[in-house]
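Chemist: I'd like to ask you about the structure that follows.
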Amino acid sequence: MSRIDANRALYESWPFDIQEAVLNGKIVAGMNAEQVRMTLGEPSEITNRNGRKGPEEVWVYRTGGGLGSNAVGNVLRNTTIGLGGGLGPVGIGTGANLGTLGVGGGSEPVEDDHEVVFQDGVVVRSDAGK
């Protein structure tokens, strides 16, 4: 809301459907960079790539606390944690496998990353602000 208040005149100059999307934190096809910035703020990263229909500019928003591509994430990837306990002085153990520890790492996106993809200055698709 503060981004809208800081740019009220610009916001009110946009079509109603765009105003509504911005107000609700939604990204819709056809938005321009100003509209996306007002909705989500500054991206964490901007990259360029070749898409099926030509060059794309991709804005990445990182919102999670995942470990990303750091060394700890790579070391702990797919680590299984077990919980066990002993009975009596002989140490007979019972165990319960708690499953796999889910840690982001490497070049895979962290679960809370979102992308906004632009072609020719307008949004063509996004998984952010759904």
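The values are calculated or read from the model by the stated rules, or taken from the named source; none is laboratory data. Given the structure is predicted, the values throughout are model-derived calculations rather than measurements. Methodologically, a virtual Cβ is constructed for each residue, glycine included, from the backbone with ideal geometry; neighbour enumeration extends over all protein chains shown. Note: areas computed on protein heavy atoms with side chains; ligands, DNA, RNA excluded. Shrake-Rupley method; radii C 1.70, N 1.55, O 1.52, S 1.80 Å.
Chemist: On a 1.4 Å probe surface of the protein chains, which of D113, D120, D17, D127 comes out largest in accessible area, and what is the full order? Don't skip to the answer; put the middle values down first.
Modeler: Values: D113 25, D120 160, D17 100, D127 65 Å².
From most accessible down to least: D120, D17, D127, D113.
Chemist: Could you give the semi-axes, largest first, of the ellipsoid that matches the stretch 1-69, computed as the square roots of 5 times the alpha carbon gyration tensor eigenvalues and rounded to whole Å? Provide the component values of the computation, followed by the final result.
Modeler: Working: eigenvalues 118, 59, 19 Å².
Those come to 24, 17, 10 Å.
Chemist: What distance in nm separates the simple spin-label points at E12 and V58, each placed 7 Å from Cα in the Cβ direction?
Modeler: Label-label distance for E12 and V58, simple model: 3.9 nm.
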